[in-house]
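Only the coordinates and a few stated rules stand behind these numbers; no lab work does. Computed from a predicted structure; not experimentally measured. As a convention, Cβ positions derive from the backbone with ideal geometry for all residues, glycine included, and neighbour counts pool all protein chains shown.
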Amino acid sequence: MRPIFLQNRLLVVVLLGLLLGTSCSDSGLTGGAGDVLVVSKNGGGDFDNIQEAVDAARSGDLIQVRSGNYVERVVVDKTLTIVGDGPGSLVDAGGVPPLPNSLPSDSAVLVIRDAFDVVIEGLRFSGPEDGIIVRDSSNVTLDNVNASGNGGNGVDIRSSVNVTVSGIFSDNGDHGVRVRKESSQIVLEDGTMTGNVDDGIRVRDSSDVVVRNNISSQNGDHGIEVRDSTGVEVLDNTANNNAGFGIRIRDSEALVENNTTVGNQEGDFIEE
């Protein structure tokens, strides 16, 4: 490198870079693949609600949600990672009207729509309709989320590709996890779906779906139901004490292996 005293322009560039770096540091954001935005109900964050952080974020940013009860609805339509502190980070849509420009079919606490490369981790969702809707999106991960006690489905996946879901989806007014409308490359694994009014897991009109290592028991209809779908694998699940069948396969191409099904009222397994 040539001496700085011979390169006045280089000195200006260095000083400008230092000033910009100081500005980013003072704002609480860090660089890299994306900035980090902190949401906190108790102060000390960049925002006090999640939707404000989503609106302000740029594609590729990380949003950290600290413990608290966030009474709101959230729509994600860009590449983001949103990470909570686990069960202590609750998004509650009770009494919150739908967001402006939301379709009637987008009635949920969290809606991921027309997006790709989205990660949601360690958050809990509860509301009067669905907990989480994923529609018209790709490369979505719902990791260790809790969508329980909702008036509709825990999770509803529609017309989406490459979605992975794990967590707790219990005591919902419809299905625990629902996959439909020609979704494909879906993985439902390491989940607990109990006490739902309808099926614990329902897959319909979809392809290349893996249902693996879930507990889907004590639901109001079937533990796991697959209808009108192709390329489905149902592996290593427990589906006990459901009001319908433990596992029901109807008009589908499915591989069913190494599942435990006991005490289901209509029968433990049926393929029709």
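Do the sum for the chain: with -39,500 (n - 2.57) for every DSSP H run of n ≥ 4, divided by all residues, what is the mean residue ellipticity at 222 nm, to the nearest 500 deg cm²/dmol?
Result for the chain: -3000 deg cm²/dmol, rounded to the nearest 500.
Express in whole angstrom the spacing between the alpha-carbon centres of region 225-254 and region 36-70.
When both Cα centres are located, 39 Å separates them.
Restricting to Cα pairs below 8 Å that are 6+ residues apart, what does the relative contact order work out to for the chain? Please round to a whole percent.
8
To the nearest 20 debye, what is the magnitude of the charge dipole of the chain about its Cα centre, counting +1 on the Cβ of each Lys and Arg and -1 on the Cβ of each Asp and Glu?
Computed charge dipole of the chain: roughly 1060 debye.
Which of rounded, prolate or oblate describes the chain when judged by the alpha-carbon gyration tensor and an a/c cut-off of 1.5?
prolate
What's the local net charge at E225, with K and R +1, D and E -1, over the other residues with C-beta under 14 Å away?
Net charge around E225: -4.
What list do you get for E52, E72, E253, E272 if you sort them by fewest beta carbons within 10 Å?
So the ranking, lowest neighbour count to highest, is E272, E253, E52, E72.
What is the magnitude of the charge dipole of region 85-200 about its Cα centre, with +1 placed on the Cβ of each Lys and Arg, -1 on the Cβ of each Asp and Glu, and no other charges, expressed in debye to the nearest 20?
200
Within region 35-105, list the trypsin sites (Lys or Arg not before Pro) lying in a DSSP loop whose Cβ has at most 14 other Cβ atoms in a 10 Å radius.
Sparse-neighbourhood loop trypsin sites (Lys or Arg not before Pro): R58.
Net charge near A108: determine it from the other residues with C-beta under 13 Å of the C-beta of A108, scoring Lys and Arg +1 and Asp and Glu -1.
-2
For region 129-272, rounded, prolate or oblate, judged on the Cα gyration tensor with a ≥ b ≥ c (square roots of eigenvalues), a/c < 1.5 rounded, else prolate if a/b > b/c?
Oblate shape, in that a/c is at least 1.5 and b/c is the bigger or equal ratio.
Compute the angle between helix 8-26 and the longest alpha-carbon principal axis of the chain, please, reported from 0 to 90 degrees and rounded to the nearest 10.
Computed tilt is about 40 degrees.
For I249, what charge total do you get from the other residues with a beta carbon under 11 Å from its beta carbon, if Lys and Arg give +1 and Asp and Glu give -1?
-3
I'd like to know which of N150, V165, A57 lies farthest towards the positive end of the charge dipole of the chain, counting +1 on Cβ of Lys and Arg and -1 on Cβ of Asp and Glu.
Working it through, the farthest residue towards the positive pole turns out to be A57.
Place +1 on the Cβ of every Lys and Arg and -1 on the Cβ of every Asp and Glu in the chain, take the dipole about the Cα centre, and give the residue among S183, G86, Q265 whose Cα lies farthest towards its positive end.
Of the candidates, G86 comes out farthest on the positive side.
Assign one of three labels to region 38-132, namely rounded, prolate or oblate, based on the Cα gyration tensor with a ≥ b ≥ c the square roots of its eigenvalues; rounded applies when a/c is under 1.5, prolate when it is not and a/b is larger than b/c, and oblate otherwise.
Verdict is oblate for region 38-132.
Note down the magnitude of the dipole of region 79-124 about its Cα centre, charges +1 on Lys and Arg C-beta and -1 on Asp and Glu C-beta and zero elsewhere, to the nearest 20 debye.
Charge dipole of region 79-124: 100 debye, to the nearest 20.
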